[in-house]
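S.K.: Below are the C-alpha cells for one structure; questions will follow.
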Amino acid sequence: MANHKTVKDYIRTIADFPHEGIMFRDVTTLFADPRGLRIAVDQLLHPYAGTPIDCVVGLEARGFILGGAVAHQLSVGFVPIRKKGKLPGPVISEAYTLEYGEAVVEVHDDAIEPGAKVLVVDDLLATGGTAEAGIKLVERLGGEVVGCAFVIDLPDLGGRQKLEAMGMDVHALCS
Ligand code: PRP
Ligand code: ADE
C-alpha cells in the first residue's frame, strides 16, 4: 500500500523541553525514517530547481544533518555555522536571541567565496534570530543568500516576517 505520510507526520512534539512551556518540535523521528529523510531533503530543494547554488550553509546542530544531505544532493560544498568557540580557524561572529535564550554563532572567515550563491538550511524557523545571524555572516563574507529552507516554520514567533523583511526567500515544508 502507498505511504501517504507527510513530512509533518514524521515530526513529534515533546512538551516542556528544554524549558516549561516550550512545545519542542523533535525532528529526530523524521531523520530516523528513511522515507521521511528522503522526502524532507527532496522537498527542501524543490523550489530551487534551476536556481544556481554554489554552496549550502547549515545552522548548528540540526541544520548540519539536513544541510549536508542537501549539499550532497546538489553536488556542492557544505559550510557549517557553529555556536561560539567550536570552529578551529579564524572566525567572524554574530550574537542573536532565540525562543529560549541568547547565543553567538560563528563561521570561518574564508568559508565562502565573495559572490557565491548560498542556500541556508535549518530544521526550524522560530523567532528567526538564528537564521538572521547566519544570513548576516554569509553576507559579511560577500555571499549572496538565494534562499532559506526550513522543515518547520513556527508562524506565531515571527521568523518568516523577520527574514522576508530582510528581502529573503523563505521556504518551509510545514508549520
Ligand atoms: C533551534 C533550531 C534553530 C533555532 C530556531 O536550534 O534548530 O536553529 O533553534 O530558533 P530561532 O528561529 O528562534 O532562532 P537551537 O538553538 O535549539 O540549537 P541546536 O540545534 O544546537 O539544539
Ligand atoms: N527552536 C526554537 N524553538 C523550538 C521549538 N519549539 N522546537 C524545536 N526547536 C526549537
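S.K.: Which shape class, rounded, prolate or oblate, goes with the chain when its Cα gyration tensor gives a ≥ b ≥ c as root eigenvalues, a/c under 1.5 marks rounded, and past that a/b bigger than b/c marks prolate?
M.R.: Oblate.
S.K.: Determine the distance separating the Cα centre of segment 1-50 from the Cα centre of segment 59-114; give it in Å without decimals.
M.R.: Cα centres, segment 1-50 to segment 59-114: 21 Å.
S.K.: Answer with one residue from GLY142, GLY129, ALA69: the one whose Cα lies farthest towards the positive end of the charge dipole of segment 47-174, charges on Cβ with Lys, Arg +1 and Asp, Glu -1.
M.R.: ALA69
S.K.: Another question, then. Which residue, VAL151, PRO90, GLY50, has the largest displacement toward the positive end of the dipole of segment 47-174 when charges sit on each Cβ (Lys, Arg +1; Asp, Glu -1)?
M.R.: Selected residue: PRO90.
S.K.: Next question. Determine the sum of side-chain charges near GLY134: Lys and Arg each +1, Asp and Glu each -1, restricted to other residues whose C-beta is under 9 angstrom from that of GLY134.
M.R.: Its environment carries a net charge of -2.
S.K.: I've got another one for you. Under 15 Å from the Cβ of GLY58, count the other residues' Cβ atoms, weight Lys and Arg +1, Asp and Glu -1, and hand me the total.
M.R.: -1
S.K.: Then there's this: Can you tally the net charge around LYS83? Count Lys and Arg as +1, Asp and Glu as -1, for every other residue whose Cβ sits under 9 Å from the Cβ of LYS83.
M.R.: Summing Lys and Arg as +1 and Asp and Glu as -1 gives +1.
S.K.: Please report, as a whole percent, how much of the solvent-accessible surface of segment 47-174 comes from carbon and sulfur atoms (probe radius 1.4 Å).
M.R.: Its accessible area is 49 percent carbon and sulfur atoms.
S.K.: Might you tell me the accessible area per residue for segment 47-174, computed with a 1.4 Å probe and given in Å²?
M.R.: Accessible surface, normalised per residue, equals 44 Å².
S.K.: Per residue of segment 113-125, what does 6.51 cos²θ - 1.76 cosθ + 1.60 with θ = phi - 60° give for ³J(HN,Hα)? Whole Hz please, x for Gly and Pro, Karplus curve as stated.
M.R.: Result, ordered by residue: 6, x, x, 5, 8, 10, 9, 8, 10, 8, 6, 8, 10 Hz.
S.K.: I want to check the label-to-label distance for ASP156 and SER175. Put each point 7 Å from Cα in the C-beta direction and report it in nm to one decimal.
M.R.: 1.4
S.K.: Over segment 47-174, what is the relative contact order in percent, taking alpha-carbon pairs closer than 8 angstrom and at least six residues apart?
M.R.: Reported relative contact order: 23 percent.
S.K.: Moving on to the next point. Can you give the calculated 222 nm mean residue ellipticity of the chain, where each DSSP H run of n ≥ 4 adds -39,500 (n - 2.57) and the sum is split over every residue, rounded to the nearest 500 deg cm²/dmol?
M.R.: Computed mean residue ellipticity for the chain: -8000 deg cm²/dmol.
S.K.: First measure r as the distance between the Cβ atoms of THR13 and ASP110, then evaluate 1/(1 + (r/R0)^6) with R0 = 41 Å and state the FRET efficiency to the nearest 0.05. Provide the component values of the computation, followed by the final result.
M.R.: Details: r = 40 Å, r/R0 = 0.97.
For R0 = 41 Å, the calculated efficiency reads 0.55.
The values are calculated or read from the model by the stated rules, or taken from the named source; none is laboratory data. Because the structure is predicted, anything quoted here is derived from the model rather than measured. All Cβ positions, even for glycine, are placed from backbone atoms using ideal geometry, and neighbour counts span all protein chains on display. Ligands, DNA and RNA are excluded from the accessible area calculation, which covers all protein heavy atoms including side chains. Shrake-Rupley method; radii C 1.70, N 1.55, O 1.52, S 1.80 Å.
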